[in-house]
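The block underneath contains the structure these notes are about, expressed in structure tokens.
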Amino acid sequence: MQNLIVALTAVLPLAAAAPYGLSQRNSTPGCTSISFGDFAWTIEDFVYHASYVFSTPAHQIASGDVAFNLTHPAFPEEKVSCTAYSTWLTDFFYGNINYDCKVPEGSGSETSFSFSRPSGELNINQTWTCDDQDPQYPITFHGYGTVNLTLDCKETNYQNPDWQIGQIYSTRNIDCAPVTLPLTPYSKTAVA
Ligand SMILES: *[C@@H]1O[C@H](CO)[C@@H](O)[C@H](O)[C@H]1NC(C)=O
Ligand SMILES: *[C@@H]1O[C@H](CO)[C@@H](O)[C@H](O)[C@H]1NC(C)=O
Ligand SMILES: *[C@@H]1O[C@H](CO)[C@@H](O)[C@H](O)[C@H]1NC(C)=O
């Protein structure tokens with residue numbers, strides 16, 4: 001199911017004009033062969049948390065957040081940090097927004113993700129560059145991955161039994177156990 005397209009000549013002028021455009025850091029030996037191979041990203045400690053607070057019986061403040069780290073086996077030292085925050089009631093994440101992840105300083109890679117709380121679908125896009133074969137012509141890869149996460153979530157509720165103005169009326173929290181899993185891209189492209 002791997003769909004690998006190598007367009008070697010079409011973009012050479014561009015690559016020659018900015019040979020290190022995406023790769024400030026020299027990639028590790030084996031980067032190219034790992035990237036053409038059957039590798040998997042590691043999704044580490046994916047967590048979802050939601051909080052619904054009623055400051056009065058009629059006023060709700062609610063938000064959800066997700067966070068996880070991602071690593072690519074060709075860049076084992078580079079932990080990409082992915083986080084998102086939303087106040088869009090009631091599930092906060094619907095798979096329709098791409099969030100950019102934070103890469104370590106000097107990294108030449110870019111990662112984004114989308115997540116849907118109703119279906120659990122997590123989509124990953126990553127762009128990275130390997131220059132271990134011919135530093136003159138680094139190869140830029142794009143990888144796309146998708147997985148339906150099954151989250152194990154707990155809900156805790158609190159209702160103030162004797163509410164008065166200025167106090168919290170009620171809170172509801174949803175916390176899911178962290179999930180760590182490998183994710184194999186369903187599609188990759190490579191451009192030299
Ligand atoms: C991601 O990794 C960093 C550095 O190791 C750590 O501080 C952070 O808690 C991790 N994030 C998640 C969601 O596990
Ligand atoms: C990933 O890339 C595809 C194709 O460019 C795009 O349709 C999709 O919205 C992107 N998803 C994320 C999570 O960035
Ligand atoms: C995720 O679930 C949706 C809907 O149930 C399904 O269409 C899709 O194929 C699943 N994706 C994966 C990667 O299993």
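Worth pointing out:
- Scan segment 168-192 for residues that are within 16 Å of ligand 1 (Cβ to nearest atom), among the β-branched types (Val, Ile, Thr) and in contact with a Lys or Arg (Cβ under 9 Å, 6 or more places away or on another chain) and the total you get is 0.
- Segment 127-171, residues that are in a loop (DSSP other than H, G, I, E, B) and within 30 Å of residue 33 (Cβ to Cβ): 131, 132, 133, 134, 135, 136, 137, 138, 149
- Residues of segment 172-192 that are closer than 30 Å to residue 32 by Cα and assigned to a strand (DSSP E or B): 179, 180, 181, 182, 183, 187, 188, 189, 190, 191.
- Cross-chain or 6+ apart pairs with Cβ under 8 Å, segment 142-156 first and free of Cβ contacts under 8 Å to residues at least 60 places away in the same chain and more than 13 Å from residue 50 (Cα to Cα), then outside any strand (DSSP E or B) and within 10 Å of ligand 3 (Cβ to nearest atom): 144/186; 146/186; 148/119; 148/120; 150/120
- Candidates 83, 32 - the one that is away from ligand 3 (no atom under 16 Å from the Cβ) and in a helix (DSSP H, G or I): 32
- Residue within segment 158-167 that is surrounded by fewer than 18 Cβ atoms within 10 Å (Cβ to Cβ), among the hydrophobic types (A, V, I, L, M, F, W, C), more than 16 Å from ligand 1 (Cβ to nearest atom) and at pLDDT below 95 present: yes
- Test: residue in segment 3-10 that is of a type in the set (Ser, Thr, Tyr) and modelled with pLDDT of 95 or more: no
- Positions within segment 96-125 being under 26 Å from residue 174 (Cα atoms) and either exposed (fewer than 15 other Cβ atoms within 10 Å of the Cβ) or more than 12 Å from the chain's Cα centre (by Cα) (or both), in sequence order: 96, 97, 98, 100, 102, 116, 117, 118, 119, 120
- Some residue of segment 125-132 being free of Cβ contacts under 8 Å to residues at least 40 places away in the same chain, of a type outside the set (A, V, I, L, M), within 16 Å of ligand 2 (Cβ to nearest atom) and within 25 Å of residue 190 (Cα to Cα): yes
- Some residue of segment 145-152 being surrounded by 13 or more Cβ atoms within 10 Å (Cβ to Cβ), small (Gly, Ala, Ser) and at pLDDT 95 or above: yes
- Sole residue being at pLDDT 95 or above and not in a loop (DSSP other than H, G, I, E, B), chosen from 124, 97: 124
- Test: residue in segment 75-91 that is at pLDDT 95 or above and out of contact with any strand residue (DSSP E or B) (no Cβ under 8 Å at 6 or more places or on another chain): no
The values are calculated or read from the model by the stated rules, or taken from the named source; none is laboratory data. As the structure is a prediction and not an experimental result, all values here were calculated from the model. All Cβ positions, glycine included, derive from the backbone under ideal geometry; neighbour counts span all protein chains shown.
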